[in-house]
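Quick notes on the structure that follows.
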Amino acid sequence: MIPITERAHNIRPFLVMDVLERAHDLEKEGRHIIHLEVGEPDFPTPQCIQEAAIQAIHREQTHYTHSLGLIELRQAVCGHYLNKYGVRVEPDQVIVTSGTSPGLLMVFSSLLETGDEIILSNPHYPCYPNIAAFLGAVPAFLNVHEEDGFQFRPEEIQNRITSRTKAVLINSPSNPTGTLLARELMERIAGLGIPVISDEIYHGLVYGEKEHSILEFTDNAFVLNGFSKLYAMTGWRIGYIISPKRFVRPLQKIQQNFFISAGSISQWAGVAALTRAGKDVEQMRKMYDQRRKCMIRRLREMDLGPAIEPKGAFYILVNARHISSDSYNLAFQILEKAGVGVTPGIDFGQNAEGYLRFSYANSIENIMLGLDRIKAFLENR
Ligand SMILES: Cc1ncc(COP(=O)(O)O)c(C=O)c1O
C-alpha cells in the first residue's frame with residue numbers, strides 16, 4: 001500500500017464537525033436538534049449582494065480574474081479601510097482570496113520556514129496551529145484567561161519571543177471567545193517589533209465598542225479578512241489579504257499556483273458587499289446583539305455566565321468545568337440527551353478544555369429553547 005504522507009495523516013480534524021455530523025444523523029432519525037454549535041450566520045446573503053452576482057453572470061463575467069483580484073474589489077477594500085479605520089492602503093497591497101482560510105495558508109506559507117514559531121493564544125481558532133504545523137512550523141501557545149476577558153498579556157508575548165519567532169497572530173473579535181482586544185493592547189502588541197498577523201474576519205460584528213485594525217498601529221502586519229461572517233457569505237468563498245508590499249509578489253505566486261484567482265462572481269458580490277450592503281449589515285448586527293444579550297442573561301441564570309461580557313463575533317465561551325472536565329464528552333451528552341449542538345472547548349486548545357462554545361447565530365426562540373433544554377438536562381443528570 002502506498003503510504004499517506006505524515007503531513008496529510010497528522011492534520012487535525014475539526015471536532016465541531018463530529019458534533020454537527022452526529023446532529024445531522026439524529027435529525028435524519030426524526031429528532032429535533034437546536035444548533036448552537038455552528039459558526040455561520042443564519043441570515044441569507046443580502047439581496048443587493050445576490051443581485052450583483054446574478055448581474056455578473058448575465059454580463060458573462062465568469063472567467064479567471066487577475067491573480068491579485070479584480071481592481072474594483074481591491075479598490076473597494078482600500079476605500080473600506082480608509083473610511084472605517086483611517087488607514088491608507090494601496091490596491092497593490094490587496095490580494096483577493098477564496099476566503100480567509102486560503103489567506104491564512106498563503107500568509108503562513110510566505111512567513112514560516114520549517115521549525116519557525118508563530119505565537120498563538122490558547123484558546124484559538126483551530127486552523128491556526130493546524131495550518132502552521134502542516135507547514136512544519138511550530139505553534140507557540142500563550143494561555144489567555146477568562147478573568148482577563150481572554151486578552152493577551154503583552155509582556156507574556158515578549159517573553160515568548162525567541163530567535164525562531166516569525167509572527168504573533170491576533171484575532172479580534174475572537175473565535176471562540178468573542179473578545180475584542182483593547183486599543184492599548186493592540187498598540188503594545190504592534191510595538192513588540194515582530195510581524196503581526198491580524199485576522200479581522202469578525203470586524204463589524206461588534207457590540208457597544210469599537211474594533212481597531214492592526215494597520216492603525218503598524219505597517220509590519222498582515223491583515224486577513226473575509227466576507228463570510230459580516231455579510232453572511234460563507235458559501236461564496238471570498239476574502240482578502242492586506243500585505244506589506246514586499247510580500248505581495250510571493251503571495252501572488254502562491255495564489256497563481258494553488259488557486260489561480262478567487263471566483264469572479266464572488267468577487268463582484270464582494271464589491272457590492274463593501275459598497276452597498278451597509279444597511280443590511282447593520283440590521284444583522286442589531287439582531288446578533290439582541291441575541292447576545294438574551295444568551296448571556298439566560299446563561300447567567302444557569303450559573304454558566306461568562307466572567308467578562310464578550311463584545312464581538314457571535315460566540316460565548318462558557319466555563320463548564322464544574323460540570324465536567326471532558327468537554328468532548330459533555331458536548332455529546334448535551335447533543336444526545338438534550339438535543340442541542342454545542343462545540344467542545346477542547347477544539348480550541350488545551351486551555352479551553354472544560355469549556356463549551358455557544359454560538360448565537362440562531363433565532364432568539366431557538367436560543368431560549370436550546371438553553372431551556374440544557375438546563376433541564378443539567379438538573380436531571
Ligand atoms: C477566526 C476565523 N478565521 C477564519 C475563518 C475562515 O473563514 P472563511 O470562511 O473566510 O474561510 C473562520 C471561520 O469560522 C474563523 O472563525
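The values are calculated or read from the model by the stated rules, or taken from the named source; none is laboratory data. Treat the numbers as computed from the prediction; the structure is a model and nothing was measured. Note: ideal-geometry Cβ built from the backbone for every residue, glycine included; neighbour counts use all protein chains shown.
Mind telling me which of the residues G312, G235 ends up being within 17 Å of G99 (Cβ to Cβ), of a type outside the set (F, W, Y) and within 16 Å of the ligand (Cβ to nearest atom)?
G235
Which numbered condition in (1) crowded, with 22+ Cβ neighbours inside 10 Å; (2) farther than 23 Å from Q93 by Cβ; (3) in contact with a Lys or Arg (Cβ under 8 Å, 6 or more places away or on another chain) is the only one that Y202 fails?
(2)
Which one of these is under 11 Å from Y240 (Cβ atoms) and either in contact with a helix residue (DSSP H, G or I) (Cβ under 9 Å, 6 or more places away or on another chain) or within 16 Å of the ligand (Cβ to nearest atom) (or both): L68, L104, L112? So that I can check it myself, show each step before the final result.
Values: L104 fails: under 11 Å from Y240 (Cβ atoms); L112 fails: under 11 Å from Y240 (Cβ atoms).
The match here is L68.
Please go through the stretch 333-347 and give me each residue that is under 22 Å from N130 (Cβ atoms) and of a type outside the set (S, T, Y), ordered by number.
The answer is G341, V342, P344, G345, I346, D347.
Can you name the residue in the stretch 176-222 that is among the small types (G, A, S) and either closer than 22 Å to S163 by Cα or not in a loop (DSSP other than H, G, I, E, B) (or both) and, of all such residues, is nearest to the chain's Cα centre (by Cα)?
Here the answer is S198.
What pairs can you find where one residue is in the stretch 128-140 and at positive phi and modelled with pLDDT of 95 or more, the other is among the hydrophobic types (A, V, I, L, M, F, W, C) and crowded, with 17+ Cβ neighbours inside 10 Å, and their Cβ atoms are less than 8 Å apart, with a gap of 6+ or different chains?
From residues that are at positive phi and modelled with pLDDT of 95 or more, the pairs are G136/L112.
Looking only at the stretch 309-316, decide whether some residue is in a loop (DSSP other than H, G, I, E, B) and among the acidic types (D, E).
Yes, that holds for at least one residue.
Being within 13 Å of the ligand (Cβ to nearest atom) and either assigned to a strand (DSSP E or B) or under 30 Å from S327 (Cα atoms) (or both) is the requirement here; does E147 meet it?
no
Condition first: over 22 Å from L317 (Cα atoms), touching a Leu at 6+ places or on another chain (Cβ under 7 Å) and more than 16 Å from the ligand (Cβ to nearest atom). Can you find one or more residues in the stretch 242-251 that meet it?
Yes, the conditions are met somewhere in the stretch 242-251.
On the basis of being modelled with pLDDT under 95, among the acidic types (D, E) and within 16 Å of the ligand (Cβ to nearest atom), does E21 make the cut?
In short, no.
Restrict the check to the stretch 226-236 and report whether at least one residue is under 30 Å from Q158 (Cβ atoms), surrounded by 20 or more Cβ atoms within 10 Å (Cβ to Cβ) and either among the polar types (S, T, N, Q) or over 15 Å from the mean Cα position of the chain (by Cα) (or both).
no
Do the conditions hold for P173, that is, is it within 13 Å of the chain's Cα centre (by Cα), within 25 Å of R88 (Cβ to Cβ), not in a strand (DSSP E or B) and not hydroxyl-bearing (S, T, Y)?
Yes; evaluated as a whole, the condition is true for this residue.
For the stretch 318-352, give me the residue count where each residue is within 19 Å of the chain's Cα centre (by Cα) and charged (D, E, K, R).
Adding up the residues that qualify gives 1.
Considering each of A232, A269, A262 in turn, give the residue that is in a loop (DSSP other than H, G, I, E, B), farther than 30 Å from P344 by Cβ and not acidic (D, E).
Unique residue meeting the criteria: A262.
Limited to the stretch 146-170, what total is found for residues that are in contact (Cβ under 8 Å) with a residue 40 or more places away in the chain and under 20 Å from the mean Cα position of the chain (by Cα)?
Final tally of qualifying residues: 7.
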